[in-house]
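Here's the structure, in structure tokens; my notes come after.
Read-outs: derived from the displayed coordinates by stated rules, not from any lab. Because the structure is predicted, anything quoted here is derived from the model rather than measured. Every residue, glycine among them, receives a Cβ derived from its backbone with ideal geometry; neighbour counts consider all protein chains shown.
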Amino acid sequence: MNLETIVFENNTLRIIDQNLLPARLTYITLSTLEEVITAIKKMSVRGAPAIGITAAYGLYLHAVILHNSGSLTKSAFLQAGYALKSARPTAVNLSWAVEKMIHAYLNPPTPNEVQTLSRLKAEAGTIHAADKKTCDLIGKYGAELLPKKVSVLTHCNAGILATGGRGTALSVIYRAAKSGSVHVFVDETRPAGQGIRLTYWELTKNNIPATVLTDSMAGLLMQQKKIDAVIVGADRIAQNGDTANKIGTYSLAVLAGYHDVPFYVAAPLSSFDMSLVSGASIPIEFREKEEVLDFWKIPDQDKYTVFNPAFDVTPAELISAFITEKGVIGPPYKENLTYLFT
């Protein structure tokens, strides 16, 4: 399936509204900073790399608006960057992309705003293009880890819909399917259902055999030896390898470890936050209780207290390897990651 989650043409930013999938494949146009922030917060666009790319284009478009109104100043641009960073705090790709755009704005300093805008547009395009190449490399290196006939379990969505390319975890699956037989078990991924709504839809559109299961069924499949590997994406990875990903990932890692199933994290280097010593410092986003209760059409919701973190943190010792655009990284992670980033 030839699908682009993010399209930027003629100074117009369009994204697939993922809240409408799988019922409707609809592109929406984001014209202002406020629209970009809303799309990120409400998960019309989601997946760490896709969020970062969308934010980069959004900052450029905001700079154009500021320029046209005669108010493109350093203060106004930085304020827009800070607003974007706060839209979703866990995914480090968001702040990474914003920082790259801020650097492009500031360096080299110039009073010529047209040149500055040109630099910002080029930087956003570079971030997008680089992610496409990164996804392809992750797929290449990850597929080499899998046998020719394999059953893979994945959680949430780390595919085309989550990136600017073919995905991270799903890129591995797409590449493996070119030369072997792949069946994917797709966690429903409650409460927002990214697995059943997005991953299953995406895989079947690309002719990859897939089966949906609720999150609580994964242990039974591993017990029955029907899972050969677990592959997930990541939203932020600390310098010791502790990894934040969609809520429920930690549980899968524990189950995989108990049943001796390889547990792989596929992620670009931009998802690694080397400023954090461990996962204990990763900020975890909490979302509204309605996200849990509305699915069941619960009445009198004000009477309910709901615990709804969007992410959890998987300790590094439960991760078999990281699959990145620089290759496969195994333990000891603190030493190997430090070496990679120096």
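Structure above, values below:
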item: Distant-in-sequence amide H partners of residue 185 (H built 1.01 Å from N, under 5 Å); result: 152, 153, 154, 211
item: Taking the stretch 11-109 and dividing mean pair separation by its residue count, relative contact order in percent (alpha carbons under 8 Å, at least six apart); result: 27
item: Mean separation of Cα contacts under 8 Å, 6 or more apart, over the residue count of the chain: relative contact order %; result: 16
item: Mean residue ellipticity (222 nm) of the chain, computed from DSSP H runs ≥ 4 via -39,500 (n - 2.57), nearest 500; result: -12000 deg cm²/dmol
item: Max mean-square fluctuation residue, GNM over the chain, Cα-Cα springs under 10 Å, options 273, 187, 300; result: 300
item: Contact order normalised by residue count of the stretch 141-340, Cα under 8 Å, 6+ apart, percent; result: 22
item: Global geometry of the stretch 114-208, whether rounded, prolate or oblate, following the gyration tensor of its Cα atoms and the 1.5 cut on a/c; result: oblate
item: P(r) tail fraction, the chain - alpha-carbon pairs more than 25 Å apart, %; result: 51
item: 0 to 90° range, to nearest 10: angle between helix 249-258 axis and the chain longest Cα axis; result: 30
item: Distribution of pairwise C-alpha distances over the stretch 6-136, 5 Å bins, in %; result: 2, 11, 23, 24, 21, 12, 5, 2, 1, 0
item: Listed pairs 74/100; 42/205; 85/140; 100/121; 133/178 exceeding 21 Å between Cα atoms; result: 42/205; 85/140
item: Most to least packed among 66-75, 219-228 [average Cβ atoms within 10 Å]; result: 219-228, 66-75
item: On Cα atoms only, tilt of 169-179 relative to the major axis of the chain in degrees; result: 60
